[in-house]
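J.: Here it is, the structure, as structure tokens.
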Amino acid sequence: MPYAPSTQVESVGQTLTRSWDLYRATFLKAFLMALVLSVIEFLPRLITIYVGHETFAINTHFNYYRLLIVIDDIIEIIIFAAILWRMQNTALGRHESLETDYRTGLKKLPAIIGASCIQLFLYALVSLSGIATVLFLDKYDISPDLGARHALAMFLHGIPIMLQFFVNLYLFVLFYFYMALIITEANGPINSLEHSARLVWSRWWYTFWVIVTPWLVYTIVMLSFKALGVNLHIFIIEVPVYSMTLLPTLVHIVLFAIFIPWFAATMLVQLRNLEFLHGPLVKVRVKPAREGILKKIKKKASKIKKRAPKKSASRRK
């Protein structure tokens, strides 16, 4: 069944249904790319299983294993960007080669990293403000020690911690579409974050539930496999376990590869729905230099139109 873009504002259920349509339309092409991404994601665990002991749980921040994880993450970004580009082309009815998909992902990598760094900087500011608040409370002896003030102190210490969590969650959803905007609309790092924030601003809960639903389904599927006796490690609800074996890891790789295209499809379909909702309120900015060139072209065109009737009249005479 070919994918048909939305022509109206959709609910959460309609958006998920349409993302499932796009997922099915692109699954055969996107699954192999997602499988490569999944293998790279689980590469540290595969190395750990092969070596026989935990290799990447090292306290030092600067070592070759950390560098390998960074390179691993960069490759994953390129592949996921290529998957987004592949799905975007499918939605628009275009057909490009696999090499073009990866080239597009590699070309957009600097902008994606730039936007990610800005986002991480904002997360760090929020987290540091929470830590500073807790230190302020400790300075004035409002600490959770035993005694009559114990409950009040615990409550006061919990407020900044909870606030920083919810503020960071709010920012995460607000900037969720920055990568899709960089890939599909050629936005820069700052412009993509601003564009995403404008789209999500008045539809935060809608965006949140559409984002969360595929991950909830993914978690339920993994819990079902665990109930069947497959020892999968669920990152969201379990402490890391380093006694994993090869077979559960391979099953986990395949499961993750199956779900990756759905995550990408949900992002694209939801983005288009939000853009349809906002309509002309959200526009991609044109550089001032280009605006000047366009104005000059329009002026010349208007002058030519004014002169044209005079020339024709003189010829008749």
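The values are calculated or read from the model by the stated rules, or taken from the named source; none is laboratory data. These figures come from a predicted structure and were not determined experimentally. As a convention, Cβ positions derive from the backbone with ideal geometry for all residues, glycine included, and neighbour counts pool all protein chains shown.
J.: Restricting to the range 96-124, name every residue that is surrounded by 15 or more Cβ atoms within 10 Å (Cβ to Cβ) and either in contact with a strand residue (DSSP E or B) (Cβ under 8 Å, 6 or more places away or on another chain) or not in a helix (DSSP H, G or I) (or both).
T.: Of everything in the range 96-124, just one residue is surrounded by 15 or more Cβ atoms within 10 Å (Cβ to Cβ) and either in contact with a strand residue (DSSP E or B) (Cβ under 8 Å, 6 or more places away or on another chain) or not in a helix (DSSP H, G or I) (or both), namely LYS108.
J.: What tally of residues in the range 176-194 results from selecting those that are closer than 14 Å to GLN270 by Cβ and modelled with pLDDT of 90 or more?
T.: 6
J.: Okay, moving on. Could you tell me whether TYR170 is touching a residue at least 24 places away in the same chain (Cβ under 8 Å), closer than 24 Å to ALA111 by Cβ, among the aromatic types (Phe, Trp, Tyr) and surrounded by fewer than 15 Cβ atoms within 10 Å (Cβ to Cβ)?
T.: Considered against the rule, which asks whether it is touching a residue at least 24 places away in the same chain (Cβ under 8 Å), closer than 24 Å to ALA111 by Cβ, among the aromatic types (Phe, Trp, Tyr) and surrounded by fewer than 15 Cβ atoms within 10 Å (Cβ to Cβ), TYR170 comes out as yes.
J.: Further question: Could you tell me whether VAL254 is outside any helix (DSSP H, G or I), at pLDDT 75 or above and not polar (S, T, N, Q)?
T.: No, not satisfied.
J.: Looking at the range 264-286, is at least one residue at pLDDT below 85, at negative phi, exposed (fewer than 13 other Cβ atoms within 10 Å of the Cβ) and β-branched (Val, Ile, Thr)?
T.: Looking through the range 264-286, at least one residue is at pLDDT below 85, at negative phi, exposed (fewer than 13 other Cβ atoms within 10 Å of the Cβ) and β-branched (Val, Ile, Thr).
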